[in-house]
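A.B. asks: Can you read through this structure? Questions will come right after.
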Amino acid sequence: MGFSTIAIHAGNEPDIATGAVSVPIYQTSTYAQEALGKHKGFEYARTQNPTRSALETNIAALENAKFGFAFASGMSAIDAVLKLVRAGEHVILGDNTYGGTFRLFSKILSNYGVEFDLADTTDIPNLERAFKPNTKMVFVETPTNPVMSVTDLKAVSDLAHANGATVVCDNTFMSPYFQQPLNFGVDIVVHSTTKYLNGHSDSVGGFVALNDEKDAEWIGFVQNGIGAILSPFDSFLVLRGTKTLAVRMDAHDKNGRVVANFLAEHPKVLKVYYPGLVSHPQHELAKRQQSGFGGMVAFETGSLSNAKSVLETVKLCILGESLGGVESLISHPATMTHASVPQETREKLGITDGLVRISVGIEDVEDIIADIDQALK
Ligand code: P1T
């Protein structure tokens with residue numbers, strides 16, 4: 001079956017009790033038992049909820065995964081996956097990830113004996129040098145937030161597996177519509193469903209998709225044991241969001257390409273980060289690994305005052321954190337999403353004070369361009 005058919009039907013069976021075509025919001029904390037230990041498979045809503053189960057079936061199918069788990073946020077999904085790592089074990093973390101992911105490692109997990117090193121995962125020989133005897137996991141984001149570096153998922157998976165490590169990919173920027181990491185040998189996919197999967201900037205959530213039965217059993221145990229579950233209402237919203245994922249991603253991609261090309265030609269813009277541009281260092285890899293380039297574009301304005309003036313002069317684009325909604329959002333990574341990354345690391349990666357990030361929405365592209373153009377002027 002095709003992607004959109006799966007998106008619309010997987011997990012979306014008509015409701016058994018009523019025939020409702022949209023999976024109902026099962027807003028309940030518990031379930032009546034007919035007799036002691038006799039129930040319909042639902043005991044307590046932290047453990048099981050039909051709306052959440054429907055979403056879990058849906059996104060797992062979109063990622064071509066056997067198992068899926070919905071979490072309260074992207075960060076709680078990532079944290080659950082990191083619970084596969086024990087004290088004394090080592091993780092290689094891509095050197096450019098969402099700032100919150102870096103913060104989870106540097107400020108939280110490090111207190112519990114989890115070792116980690118940053119590595120440029122776009123450079124495979126460099127990644128190879130980062131392995132240690134106790135390396136248990138390689139965690140990558142591709143394309144990265146915000147400088148859009150692309151990592152070769154097959155090469156990383158082959159290398160990690162040869163070293164006995166599990167590979168995790170944060171697929172938030174591409175969504176399963178443009179990239180299915182498990183197909184390249186990646187073991188676990190994580191998402192912030194807050195972004196493209198939900199797509200309407202009205203829910204915070206996260207997801208873990210994987211094939212390994214033993215790891216899935218542990219992630220399910222962690223999901224219930226820690227309890228950072230996605231609510232029934234949020235599950236409903238994301239389930240509604242994924243039905244239109246394909247059409248939205250096509251529209252984001254179409255507008256993203258136009259905006260990136262416009263910026264690349266603009267005299268006030270020093271550099272554009274977008275894998276769809278021929279000038280992008282991993283353009284050929286992106287073409288092989290992704291079926292689109294998406295709607296995330298970053299560009300260098302040269303200084304904090306230039307960036308500030310663009311960010312504060314846009315009228316249509318909304319200045320704010322987050323991405324992947326239907327509306328265009330504009331942000332300043334250095335002081336917003338990546339403020340927790342040390343300045344020296346930020347600058348090395350290109351996350352300068354002059355860098356501006358746009359989550360290109362699906363408005364009429366002429367209006368987006370006109371807005372950015374007047375702000376740049
Ligand atoms: O916000 P939350 O749902 O917890 O997701 C965290 C997260 C994980 N992975 C990636 C690639 C992300 O971009 C994010 C969140 N990012 C933003 C809020 C942002 O504006 O970049």
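A.B. asks: Obtain the radius of gyration and the Kirkwood radius of the range 1-131 from its C-alpha atoms and give Rg over Rh.
C.D. replies: Here Rg/Rh amounts to 1.10.
A.B. asks: Still on this structure: How many angstrom lie between the C-alpha centres of the range 13-33 and the range 299-367?
C.D. replies: Taking the Cα centre of the range 299-367 as reference, the centre of the range 13-33 is 41 Å away.
A.B. asks: Let me see the P(r) profile for the range 1-40: every Cα-Cα distance counted, bins of 5 Å, each bin given as a percent of all pairs.
C.D. replies: 6, 17, 17, 18, 18, 11, 7, 5, 1
A.B. asks: Next up: For the chain, with the dipole built from +1 on Lys and Arg beta-carbon atoms and -1 on Asp and Glu ones, taken about the Cα centre, which of His338, Val326, Thr144 lies farthest toward the positive end?
C.D. replies: Toward the positive end, the furthest listed residue is His338.
A.B. asks: Let me check I have the definition right: for the range 300-377, take the eigenvalues of the Cα gyration tensor, multiply each by 5, take square roots. What are those semi-axes in whole Å, largest first?
C.D. replies: 23, 14, 9
A.B. asks: Taking Cα atoms, how many degrees apart are the long axis of helix 50-62 and the longest axis of the chain, rounded to 10 and kept between 0 and 90?
C.D. replies: 50
A.B. asks: Follow-up question, since we're still on this one. Could the peptides 165-174, 65-74 be put in order, highest first, of the mean number of other beta-carbon atoms found within 10 Å of their residues?
C.D. replies: Ranked by mean Cβ neighbours within 10 Å, highest first: 165-174, 65-74.
A.B. asks: Among the aspartates and glutamates, which fall within straight-line cross-link reach of Lys154, defined as a Cα-Cα distance under 15 Å, with same-chain neighbours fewer than 8 residues apart omitted?
C.D. replies: Asp123, Glu128, Glu141, Asp170, Asp187, Glu284
A.B. asks: Setting aside same-chain residues fewer than 8 positions from Lys243, which lysines have a Cα under 21 Å from its Cα?
C.D. replies: Lys66, Lys195, Lys254
A.B. asks: In addition: Sorted by mean Cβ packing within 10 Å, highest first, what order do the peptides 273-284, 48-59 take?
C.D. replies: Result, highest mean first: 48-59, 273-284.
A.B. asks: In whole Å, how far is the Cα centre of the range 79-146 from that of the range 206-259?
C.D. replies: When both Cα centres are located, 22 Å separates them.
A.B. asks: Let me ask you something else. Going by average Cβ neighbours within 10 Å, how do the peptides 23-32, 206-215 rank, with the highest at the top?
C.D. replies: Going from most to least packed, we get 206-215, 23-32.
A.B. asks: Further, regarding this structure: For the range 3-243, what's the radius of gyration and Dmax over Cα atoms, in angstrom?
C.D. replies: Computed over the Cα atoms of the range 3-243, radius of gyration and Dmax are 18.2, 61 Å.
A.B. asks: Oh, and also: Return the percentage of antiparallel bridges among DSSP beta bridges fully within the range 3-243, rounded to the nearest 5 %.
C.D. replies: Just about 45 percent of them are antiparallel.
A.B. asks: Related question: Can you tell me the dipole magnitude for the range 246-376 around its Cα centre, using point charges on the Cβ only (Lys, Arg +1; Asp, Glu -1), in Debye to the nearest 20?
C.D. replies: 400
A.B. asks: Using a Förster distance of 45 angstrom, determine the FRET efficiency expected from the C-beta separation of Glu327 and Ile16, and round it to 0.05.
C.D. replies: Computed FRET efficiency for Glu327 and Ile16: 0.80.
A.B. asks: Relative to the compact globular guide of 2.2 N^0.38 Å, what is the alpha carbon radius of gyration of the range 246-376, as a ratio?
C.D. replies: 0.99
A.B. asks: Cα convex hull of the range 92-160: how many Å³ per residue?
C.D. replies: Measuring per residue, one finds 68 Å³ for the Cα hull of the range 92-160.
Here, each number is a calculation from the coordinates, and none is a lab measurement. None of the values given here were measured: they were computed from a predicted structure. Here the Cβ is made from the backbone with ideal geometry for all residues, glycine too, and neighbour counts use every protein chain on show.
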